[in-house]
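Comments concern the structure below.
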Amino acid sequence: MRYSFRVVRKALVVLLLVAALPAAAQDKVPEKKASWPLSLADGLPRELPGYTTAPTDPLPDTDENQMGVFTQVARFYQRIESPTVTRQFQLVVQDYGKEKDLETDIKKAMAEAGTHQGVEVRDAVLSGHKAFAATDRTGINPTTLVTVIVLPSRLVLAQGANVDRDVALKLLTYVDFSKVAAAK
């Protein structure tokens, strides 16, 4: 019996060492890049300070609006401050294809939004990119939508429920716009 125990123990040690090798080797393997369209999310933060991230990200989606057909990915975050105060924030990357130039459409939409009572519109620059923010204060809680033009045909949208414009703009600083622009 004693001999069998030693043989078994040596075999277990060898198995543990062999099993540990792939885990150690994984640290040295470069991170596998996501393929299109999931690569659009590479620049979106996995977490935002003070917010809880949704347990899963929605799969890429293709849809159409007044500006054309687009592919999008999104991440959702929320912060529950009390039984009556919840803040929700969603980041979306939309890609309309290489031939589109969306700036004129975005400016037109912002000008239209600014004509409504209780809606504040402001232009901004985030990491060198033109951004347009609209905050609707007609309800009990503000709703903010920020559109950042990363490429002529690619946008980062931020939508905040019960989130002011300045907070939304600050949360957008966690987006890596260079990765969003480089996604292929």
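The values are calculated or read from the model by the stated rules, or taken from the named source; none is laboratory data. Note that the structure is a prediction, hence the values are computed from the model and not measured. Ideal geometry is used to build each Cβ from the backbone, glycine not excepted, and the neighbour counts take in all protein chains shown. Please note that ligands, DNA and RNA were not included when accessible areas were found on the heavy atoms of the full protein model with its side chains. Shrake-Rupley method; radii C 1.70, N 1.55, O 1.52, S 1.80 Å.
Numbers at a glance
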{"item": "Only listed residue being touching a Lys or Arg at 6+ places or on another chain (Cβ under 8 Å) and at pLDDT 95 or above, chosen from 180, 156, 125", "result": "180"}
{"item": "Flag for residue 144 being in contact with a strand residue (DSSP E or B) (Cβ under 8 Å, 6 or more places away or on another chain) and at pLDDT 95 or above", "result": "yes"}
{"item": "Residues of segment 79-108 classified as without any contact (Cβ under 8 Å) to a residue 12 or more places away in the chain and open to solvent by less than 70 Å² (accessible area, probe 1.4 Å), total", "result": "1"}
{"item": "Enumeration of residues in segment 128-174 that are polar (S, T, N, Q), farther than 24 Å from residue 67 by Cβ and surrounded by 19 or more Cβ atoms within 10 Å (Cβ to Cβ)", "result": "162"}
{"item": "Listing of strands (runs of 3 or more DSSP E) fully contained in segment 123-178 that carry 3 or more residues being under 18 Å from residue 77 (Cβ atoms), over 17 Å from the mean Cα position of the chain (by Cα) and in contact (Cβ under 8 Å) with a residue 24 or more places away in the chain", "result": "none"}
{"item": "Residues being open to solvent by 70 Å² or more (accessible area, probe 1.4 Å), outside any helix (DSSP H, G or I) and at pLDDT 90 or above - total across segment 31-48", "result": "2"}
{"item": "Flag for residue 117 being without any contact (Cβ under 8 Å) to a residue 40 or more places away in the chain and crowded, with 17+ Cβ neighbours inside 10 Å", "result": "no"}
{"item": "Residue count, segment 55-73 (criterion: touching a helix residue (DSSP H, G or I) at 6+ places or on another chain (Cβ under 7 Å) and hydrophobic (A, V, I, L, M, F, W, C))", "result": "2"}
{"item": "Some residue of segment 59-69 being surrounded by 12 or more Cβ atoms within 10 Å (Cβ to Cβ), within 12 Å of the chain's Cα centre (by Cα) and within 23 Å of residue 132 (Cβ to Cβ)", "result": "no"}
